[in-house]
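Engineer: Sharing a structure here in structure tokens format.
The values are calculated or read from the model by the stated rules, or taken from the named source; none is laboratory data. On a predicted model such as this, the values are computed, not experimentally measured, just so you know. A quick note on method: Cβ atoms are made from the backbone with ideal geometry, for glycine too, and the neighbour counts reach across all protein chains shown. Accessible surface areas use protein heavy atoms only, side chains included; no ligands, DNA or RNA. Shrake-Rupley method; radii C 1.70, N 1.55, O 1.52, S 1.80 Å.
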Amino acid sequence: MTQVSAEALVELAKRRGFFLQSAGAYGGVSGFYTFGPQGAALKRNIEDTWRDRFAIQEGHMEVDAPTVLPEPVFEASGHLDGFDDMLVECPECGQSHRADHIVEDDPDTGIDEAESLAPERIEEVIAEYELVCPTCGTGLAGQAIEQFNLMFETTIGPGSSAPGYLRPETAQGIFIEFPQLAEYARNQLPFGVTQIGRAYRNEISPRKSLLRVREFSQAELELFVDPEENEPDLSSVADARARFYPAAEQDREDGKPIETTIGAAVEEGIVADPWIAYYLGVAAEWYQRIGLDMDRFRFRQHRPGELAHYSEDCWDAEGDVSDPGAEPDWIELGGFAYRADYDLSKHDAHSEEDFTVFKQYDEPITVEKATVDPDMSYLGPEFGGRAGDVADALADLAEQESDAFEGEEVSVEVDGESYTVPVEKTGFAVEEVTESGKHVTPHVVEPSLGIDRALYTALDHSYREDKVDGEERTYLALPPEVAPTTVGVFPLMDKDGLGERARELAATLRDDGVSVAYDDSGAIGRRYRRQDEIGTPYCVTVDYDTLEDGTVTIRDRDSTAQKRVAVDELAGTIETLLSGEDAFEDI
RNA sequence: GCGCCGGUGGUCUAGUGGUAGGACAUGAGCUUCCCAAGCUCAUAGCCCGGGUUCAAUUCCCGGCCGGCGCACCA
């Protein structure tokens, strides 16, 4: 198995049109990449296979939300606070540190949630407790806190009254439309919503070409489940094999990944949540399908410290993209999180919509329910403008603590003020009501995959070097399904009518929906090599025999072997090769 | 954002205080009956700005971009 250095891969990517740094004519811009012709085609094919597997095969809905959303969305999602890094620079050694972490790490401050504090407050705390630089011990009092928000900010419409942000993940676009999406799903759980789209993070320091960028594509599935009832059918992925690297193994000195099947991983408790396990299985098969080497792939469980506070269990898909001879370099390709009701509850609380679904009971049930029907002709004159709020408070109190209505009077608090109302004026009553169901906030299972990183890793893992007749050759062993071009069509020479015949053939194949590269330049070997280097799996050559008997040669990229096939059968042959029905040796 | 190193055609690279040479690739032509062959010709480059200088791609400063390390990666 050939390994390729990042340098060589990036060089090939630029030279052959997979990806290049954007805006080179203007000095380049860090963290932005343009996909060239091959890269755009490869990316589209990868996205198509993702769509096929995660949306179509699962029967889920695909949506397409805006990349710009208004500020309140990110207040609710927590990105506005969570993305605001407060950095403080040491005047002595020049090291930057997270100011909120320094505050949290000092037990004397008694603060363990500094992230939500204002920067001015952090500066005060640093001065007050004489906090020092963790690196060199110099006092940090008086140093300015620099704020850095990882979200790109913009304004919506003229003026600055409506701030908006480029989404840092595609998921929020799905969550905020949940009420309507649930309607489209006829309020039946479970249902899944997918989205493939761009997301933006204003990274401090983009690195490693495509692997850490400021604009990238994500493919996300949000599966909304009823936590009490829904369970996945694991049978379809039970045999999928992968390497699992549980948190416990990572903490051990000699810990290592465990290679097993999804079915066994669930049985042995390696993966606790069956939904997560299901999508690990689906994803493992998908990564293999787009060309990843499963020997350089693993699922790694988040260690307790890495877990987001809402997540009970989270696994990452990781790929090794190390240089030849180097230690493995694992990069995160995707995350699989059980997000519980975190997102929907947040939006339910912050917005005016209902982010629940109504779940009907098998049988209606009868419950005792305390209600109020306040006498507003009393409350109005008595409390003036607060009467409405008092009535609401009474209703809440009745629901939560009906005992409070047992005396002559009942008191409620509104904005810190206490209001006392005679019980007889509250219309308090306990009645039997029939409930046919209840509102539940669905839980979210979220497989979230980075398309750019998947593409990069697929290129990295499919890079090959070998020798053909003593000549060195570079090729990409991309799966035919995702290769940017499926077939190269060449005339052996562009004369004696071979060119016309080949062009006809190219047009026919294109008409059949095959992605074709036509090439009649220079020597035939050069044309083969060109296609090899962009991963074109098959090349078809029109030669003198074609004019005689209507057959062409078809050449296999990986083996460079050739076979003769009748022109009439070519489209069908290619189709069976693409579907995997036949191997090249079998045609 | 900090530190170190770097930036010459599409790619790889030589070189220089007097504006650049090669290889590969690309295009045209010749040749060629299946794997980067050969010949001829052609296209194409000193990251940007400022300074020093008669003159800067070269020296100095700043910026941009890249690599590595640190920090960051919700």
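Engineer: For a quick check of your reading: which strands (runs of 3 or more DSSP E) sit entirely within segment A:403-522 and have at least 2 residues that are within 30 Å of A:SER377 (Cα to Cα)?
Structural biologist: A:409-414, A:417-422, A:429-440
Engineer: Going by the structure shown, is A:ALA370 open to solvent by less than 30 Å² (accessible area, probe 1.4 Å) and within 12 Å of A:THR426 (Cα to Cα)?
Structural biologist: Judged against the criteria, A:ALA370 is a match.
Engineer: Also, I was wondering about something else. Which ones in segment A:365-407 are more than 47 Å from the chain's Cα centre (by Cα) and of a type in the set (S, T, N, Q)?
Structural biologist: A:SER377
Engineer: Still on this structure: Just to verify a result, which residue in segment A:521-572, among those that are open to solvent by less than 20 Å² (accessible area, probe 1.4 Å) and touching a Cys at 6+ places or on another chain (Cβ under 7 Å), is farthest from RNA strand B (Cβ to nearest atom)?
Structural biologist: Out of the qualifying residues, it is A:GLN531.
Engineer: Please return the ranges of strands (runs of 3 or more DSSP E) entirely within segment A:1-114 where 1 or more residues are surrounded by 17 or more Cβ atoms within 10 Å (Cβ to Cβ), under 23 Å from the mean Cα position of the chain (by Cα) and modelled with pLDDT of 80 or more.
Structural biologist: Counting at least 1 such residues, we get A:19-21, A:33-35, A:68-70.
Engineer: Ok, one more. Select from segment A:460-483 the residues that are under 28 Å from the mean Cα position of the chain (by Cα) and within 16 Å of RNA strand B (Cβ to nearest atom) and write down the one among them that is surrounded by the fewest Cβ atoms within 10 Å (Cβ to Cβ).
Structural biologist: Looking at the filtered set, the residue picked out is A:ALA477.
Engineer: Exactly one of (1) modelled with pLDDT under 85; (2) touching a Phe, Trp or Tyr at 6+ places or on another chain (Cβ under 6 Å); (3) not in a helix (DSSP H, G or I) is unmet by A:ASP373. Its number?
Structural biologist: (2)
Engineer: A further question follows. Just one of (1) surrounded by 17 or more Cβ atoms within 10 Å (Cβ to Cβ); (2) touching a helix residue (DSSP H, G or I) at 6+ places or on another chain (Cβ under 8 Å); (3) free of Cβ contacts under 8 Å to residues at least 60 places away in the same chain trips up A:LEU509, so point out which.
Structural biologist: All conditions are met except number (3).
Engineer: Scan A:THR155, A:THR194 and give me the residue that is crowded, with 18+ Cβ neighbours inside 10 Å and of a type in the set (S, T, N, Q).
Structural biologist: A:THR194
Engineer: Any residue at all in segment A:496-518 that is in contact with a Lys or Arg (Cβ under 7 Å, 6 or more places away or on another chain) and closer than 18 Å to A:LEU9 by Cα?
Structural biologist: no
Engineer: Given the condition closer than 30 Å to A:ALA76 by Cβ, without any contact (Cβ under 8 Å) to a residue 12 or more places away in the chain and either open to solvent by 80 Å² or more (accessible area, probe 1.4 Å) or not hydroxyl-bearing (Ser, Thr, Tyr) (or both), answer yes or no: does some residue in segment A:322-335 qualify?
Structural biologist: No: segment A:322-335 contains no residue that is closer than 30 Å to A:ALA76 by Cβ, without any contact (Cβ under 8 Å) to a residue 12 or more places away in the chain and either open to solvent by 80 Å² or more (accessible area, probe 1.4 Å) or not hydroxyl-bearing (Ser, Thr, Tyr) (or both).
Engineer: Consider A:ILE587 carefully, then state whether it is of a type in the set (Val, Ile, Thr) and closer than 22 Å to A:ASN45 by Cβ.
Structural biologist: Taking the combined requirement at face value, the residue does not satisfy it.
Engineer: Have a look at A:ALA272, A:ALA248 and point out the one that is open to solvent by 40 Å² or more (accessible area, probe 1.4 Å), part of a helix (DSSP H, G or I) and modelled with pLDDT under 95.
Structural biologist: A:ALA248
Engineer: State which residue is nearest to A:LYS43 (Cα to Cα) when the search covers only segment A:168-186 and only residues that are more than 16 Å from RNA strand B (Cβ to nearest atom) and not in a helix (DSSP H, G or I).
Structural biologist: Going through the qualifying residues, I end up with A:GLU177.
Engineer: How many of the residues in segment A:284-302 are of a type outside the set (Asp, Glu) and in contact with a His (Cβ under 7 Å, 6 or more places away or on another chain)?
Structural biologist: Residues flagged as of a type outside the set (Asp, Glu) and in contact with a His (Cβ under 7 Å, 6 or more places away or on another chain) within segment A:284-302 amount to 3.
Engineer: When A:SER411 is evaluated against the numbered criteria (1) small (Gly, Ala, Ser); (2) at negative phi; (3) in contact (Cβ under 8 Å) with a residue 12 or more places away in the chain, which criterion, by number, is the only one it fails?
Structural biologist: (3)
Engineer: Kindly provide the set of residues from segment A:1-22 that are small (Gly, Ala, Ser) and within 8 Å of RNA strand B (Cβ to nearest atom), ordered by number.
Structural biologist: A:ALA6
Engineer: Something else now. Inspect all residues belonging to segment A:408-430 and state whether any of them is away from RNA strand B (no atom under 16 Å from the Cβ), within 30 Å of A:GLU229 (Cα to Cα) and surrounded by fewer than 16 Cβ atoms within 10 Å (Cβ to Cβ).
Structural biologist: Scanning segment A:408-430 turns up no residue that is away from RNA strand B (no atom under 16 Å from the Cβ), within 30 Å of A:GLU229 (Cα to Cα) and surrounded by fewer than 16 Cβ atoms within 10 Å (Cβ to Cβ).
Engineer: From the residues in segment A:187-217 that are near RNA strand B (Cβ under 9 Å from one of its atoms) and part of a strand (DSSP E or B), which one is modelled with the highest pLDDT?
Structural biologist: A:ALA199
Yes/no per residue for (1) of a type outside the set (Asp, Glu); (2) open to solvent by less than 60 Å² (accessible area, probe 1.4 Å); (3) under 20 Å from A:ARG339 (Cα atoms):
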{"residue": "A:GLU183", "(1), (2), (3)": "no, no, no"}
{"residue": "A:ARG207", "(1), (2), (3)": "yes, no, no"}
{"residue": "A:GLU215", "(1), (2), (3)": "no, yes, no"}
{"residue": "A:GLU220", "(1), (2), (3)": "no, yes, yes"}
{"residue": "A:GLU229", "(1), (2), (3)": "no, no, yes"}
{"residue": "A:ARG241", "(1), (2), (3)": "yes, no, no"}
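Engineer: Please verify whether A:GLY291 is in the same structural domain as A:LEU42 (by TED's automatic domain parsing) and surrounded by fewer than 18 Cβ atoms within 10 Å (Cβ to Cβ), treating the condition exactly as stated.
Structural biologist: no
The rows are residues; the columns are (1) modelled with pLDDT under 95; (2) assigned by TED's automatic domain parsing to the domain that holds A:GLN562; (3) closer than 18 Å to A:ARG44 by Cα; (4) aliphatic (A, V, I, L, M).
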| position | (1), (2), (3), (4) |
| --- | --- |
| A:ARG453 | no, no, yes, no |
| A:LEU459 | no, no, yes, yes |
| A:VAL468 | yes, no, no, yes |
| A:GLU471 | yes, no, no, no |
| A:LEU478 | no, no, yes, yes |
| A:ASP496 | yes, yes, no, no |
